Structures are given as C-alpha cells and as structure tokens.
Amino acid sequence: MYPSGHLSSSQADEALYQALVSDEKKAWNTLYADVYRRFIPYALQRSTVSEDDAGDILQEAFAVFSVNLRNGRYQFVGKPVGAYVFRLCQLKWYTFMRDTDKPLPLDSLRKTGEDDDEDFEWDLADVANTPGGDLNALEKAMLELQDGCRKLMQFFYVEEKSLAECGALLGIQEGSAKVKRFRCAQQLRDLYFRYRKDD
Amino acid sequence: MDLTNELLTDIARYLDGTMQGPERDAFAGRMESEDGLRLEVQLQQEIREGMKILAEKERFKAIHAEVIGATAIAARPVRRLPWRPLAIAASLALLLGIGWWWWAGQATDRYLAAGPKPEPVLLPDDERLGASPERHTADSLALAAALTTLRHTGAESAIPALEKVASQPLNHWTASAEWYLAIAYRKEGRKEDARRLLERIAATEGHPYQAEAAKELR
C-alpha cells in the first residue's frame with residue numbers, strides 16, 4: 001500500500017501507480033518489498049525452486065513490469081499494482097520451472113482456497129503478453145560482443161541515444177558511429193538468432 | 001530480408017515513435033505486405049525490449065540489495081527438509097509413543113502453512129501502533145524471511161531471527177513474530193519458553209494471535 005493511512009485501497013493503488021510512472025524510488029522500493037514478501041514464500045512452498053532463483057524470477061518480473069509501465073503496455077485499471085507484478089512473477093516462475101525440466105501442473109497458476117484474493121485479480125491472459133523474447137539468448141549474445149560493441153548497443157537500444165551522442169560517448173565521429181552501430185547490431189542480431197530457443 | 005544500415009535506422013525510428021505521419025503509415029503498410037520486413041521489425045523489437053529488461057533487471061538487483069539487504073535477511077541459505085531422515089524421525093517418534101508431540105507438530109504445521117495474517121487496514125486517524133510505513137515494511141520482510149527459514153531450514157535457525165523481529169516496537173508484524181516464535185520454541189522442545197510467550201500473547205488485548213494462543217494453552 002502506498003502511501004498508507006489516509007487513502008482508500010484503490011486510491012492508494014492509484015497513488016502508487018502515479019509514483020511509479022514518475023519513477024519515485026520510494027514507490028519502487030515499497031512495491032518490491034510488498035511483492036517479495038508474498039511471492040518468495042509462495043514459490044518456495046509450491047516448488048523446488050531455490051531462494052536465489054526465486055529472487056532472480058522476481059527481479060525479472062519487475063524488469064518486465066517496469067518496461068511495460070514505460071511503454072504503456074501496462075495501464076492502471078483500478079486493480080492493485082502489486083497483483084499485476086505477482087502474476088508476472090507466477091508466469092516467470094512457471095516458465096523457469098518448465099525450462100529447467102521441473103514442470104509444474106497448470107493448476108499451480110490457479111487460485112486455491114488458501115491464496116490471497118488480491119494476488120489473483122489479474123487474469124493470466126492480461127499479463128501473458130510480456131515483451132523481451134528469449135532473455136537468456138540475448139544475454140548470451142551480448143556476452144559475446146566486444147566491450148565497445150556492447151556499450152554501443154546499450155546506448156542504441158536501451159538509452160535510445162542519437163548517432164551523434166553515441167559517437168561523442170565513444171570518442172568517434174558520427175559517421176564512424178553509424179558504421180560501427182550497424183556492424184554491432186548485425187552481429188548481435190545474428191548471435192541472438194542463433195541462440196534463440198525457438199529457432 | 002537483409003538488414004542494411006538504412007533499414008536499421010528506419011526500424012529504430014518506427015519503434016521509438018520518431019517516425020511519424022505519412023512516412024510511418026507507409027512503413028506500416030510495407031510491413032503488412034512484406035513478411036521479411038515484418039519479421040525483421042519483430043526481431044528488432046525483441047532485442048530492443050529484451051535489452052531494456054536486462055538493464056532494468058540490474059536495477060532491481062540493486063533495489064533488492066537495498067530493500068531486502070537492509071533488513072539483514074536476504075542471504076540466509078534455505079535448506080530443504082530431506083524426506084528420508086524426516087520419515088525415519090517420524091517413525092521413531094511414533095515408536096517412542098510421543099503421540100502428543102506428533103499432534104502438536106501437526107497443529108504447528110497448519111499454522112505455518114497458513115502464513116501470517118494480513119495486516120488490518122487502519123482508519124486514517126488510527127495511530128495506535130505509531131510505527132512508520134517503512135518500519136512496517138522492514139518488519140514484515142524480516143518476518144517473511146524468518147518464516148521461510150522456519151519452514152525450510154528449521155526452528156533452531158529461525159529463532160534468533162524471530163526474536164529479533166519480536167523485539168522491535170510493537171506493530172502487527174512484530175506481534176505476529178511473537179506467535180511464530182512460540183511455535184518455533186515448541187518445535188525446539190523449549191516448552192517453558194513457548195508457554196510463557198503464549199500466556200503473554202493470550203493476555204494481550206488486540207494481539208492478532210490472542211485467540212490462537214489461548215486455544216493452544218488449553
């Protein structure tokens with residue numbers, strides 16, 4: 001709940017949403033703490049996932065939520081924000097268990113009598129369309145790039161900097177930055193294509 | 001479709017929204033008719049969003065260290081209870097005829113499986129407990145971590161963590177920690193410590209586990 005005390009539950013959720021849109025650190029910390037408290041015991045009780053892996057799943061779900069929030073894929077519709085992230089965690093957890101050959105029954109994503117109602121306010125279909133493709137493949141592909149290329153790809157894809165800015169940051173001319181950006185992007189694309197699971 | 005420098009630039013402009021108007025419409029029209037272009041845009045979007053997610057993940061690792069690490073609970077190893085030794089221990093317990101202890105264990109596990117009760121929503125002017133939201137958050141996290149230890153590692157490891165939470169200024173979570181501390185004491189065979197704590201909980205008006213403590217003392 002953020003901020004607590006003087007607002008109704010729905011108003012507090014909307015206030016939290018607005019604070020997250022404004023990228024307020026305190027709001028992110030509060031939300032993280034809230035979902036951590038609910039998801040980690042939830043996953044540990046229902047599977048053989050380690051606490052470290054559960055934490056990694058939680059952080060990835062938060063990263064997806066943050067990107068969804070910025071690109072407008074996530075919109076506040078009156079439901080608790082934490083419930084959306086919790087559902088993302090569940091999906092990531094299910095995928096992790098499946099990919100590590102520890103499949104969970106589909107029922108593990110459905111509500112049981114003991115679960116907190118709030119955590120199931122979002123349908124799985126609402127959160128299933130998550131971006132990002134195969135993150136493991138992308139991480140692997142990025143590791144194979146040389147330092148200069150990796151930096152340039154960060155500037156280009158993550159920070160969306162112009163070619164002039166990329167050149168200035170790398171200490172090269174804009175024209176050189178354009179050629180280098182293309183070569184690095186092509187290399188990253190080919191590596192990603194090679195490692196991507198469904199190809 | 002072969003990726004060219006110009007195409008990479010166009011796709012980037014299309015995805016970041018800087019390509020506008022008729023140029024954007026024409027590009028979208030090409031995507032509808034050219035499978036290769038559409039797939040290339042999808043691939044670039046996957047890479048772009050994936051890179052952002054990976055970057056954001058690093059940010060949340062830092063938040064994790066700050067928020068969870070601050071309560072000194074993150075790194076405690078979780079050891080799963082081995083089934084075979086548990087089964088042997090349970091058989092021995094039955095053979096020794098300590099059925100009462102088995103019964104108490106069942107009740108304890110039911111309480112553990114249920115997890116702590118949610119914090120009640122306070123009215124705006126209700127300042128009974130007086131703790132800051134940050135304090136509540138830290139205490140609830142510390143309790144969650146201690147319960148994870150209690151469930152997966154054992155009472156002996158969980159007791160110091162529960163004692164620490166229970167010693168903090170009174171709020172819903174520190175009061176809940178007292179209840180789980182009584183359960184942990186009981187699991188460790190510290191019957192007298194458990195009884196004293198249960199008596200205190202049962203005597204505390206408004207304690208979230210007052211009724212349960214009274215029931216356990218009967």
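Need one value for A:55-66: mean number of C-beta atoms belonging to other chains within 10 Å of its residues' C-beta atoms.
5
Taking Cα pairs under 8 Å and at least six residues apart, what relative contact order does segment A:135-195 come out at, in percent?
45 percent
Which residues' amide hydrogens lie under 5 Å from the amide hydrogen of B:Lys117, considering only partners 5 or more residues apart or on another chain, with H built in the peptide plane?
Correct list: empty.
I need the phi-derived Karplus couplings for segment B:24-34: 6.51 cos²θ - 1.76 cosθ + 1.60, θ = phi - 60°, integer Hz, Gly and Pro marked x.
Coupling constants for segment B:24-34: 5, 4, 5, 5, 4, x, 4, 4, 5, 9, 10 Hz.
Could you go through segment B:196-203 in sequence order and give the Karplus-derived ³J(HN,Hα) for each residue, using 6.51 cos²θ - 1.76 cosθ + 1.60 with θ = phi - 60°, rounded to whole Hz, and x for Gly and Pro?
Rounded to whole hertz, the list is 4, 5, 4, 5, 5, 5, 5, 8.
Using each residue's phi in segment A:135-145, evaluate 6.51 cos²θ - 1.76 cosθ + 1.60 at θ = phi - 60° and report the 3J(HN,Hα) Karplus result to the nearest Hz, with x for Gly and Pro.
Calculated HN-Hα couplings, in order: 5, 5, 5, 5, 4, 5, 5, 4, 5, 7, 6 Hz.
Along the charge dipole of segment B:5-67, which of B:Ile63, B:Asn5, B:Ser33 sits closest to the positive end, that is, farthest toward it, with unit charges on the beta carbon of Lys, Arg, Asp and Glu (+1, +1, -1, -1)?
Of the listed residues, the answer is B:Ile63.
With +1 on each Lys and Arg Cβ and -1 on each Asp and Glu Cβ, and nothing else charged, work out how big the dipole of segment A:135-195 is about its Cα centre, in Debye to the nearest 20.
180 debye
Can you grab the distance from the C-alpha centre of segment B:1-68 to the C-alpha centre of segment B:169-210, Å, no decimals?
55 Å
Read-outs throughout are calculated quantities, based only on the coordinates presented, and are distinct from any laboratory measurement. Quick caveat: nothing in here was measured; it's all calculated off a predicted structure. Glycine gets a Cβ as well: all are built from the backbone with ideal geometry, and neighbour counts include every protein chain shown.
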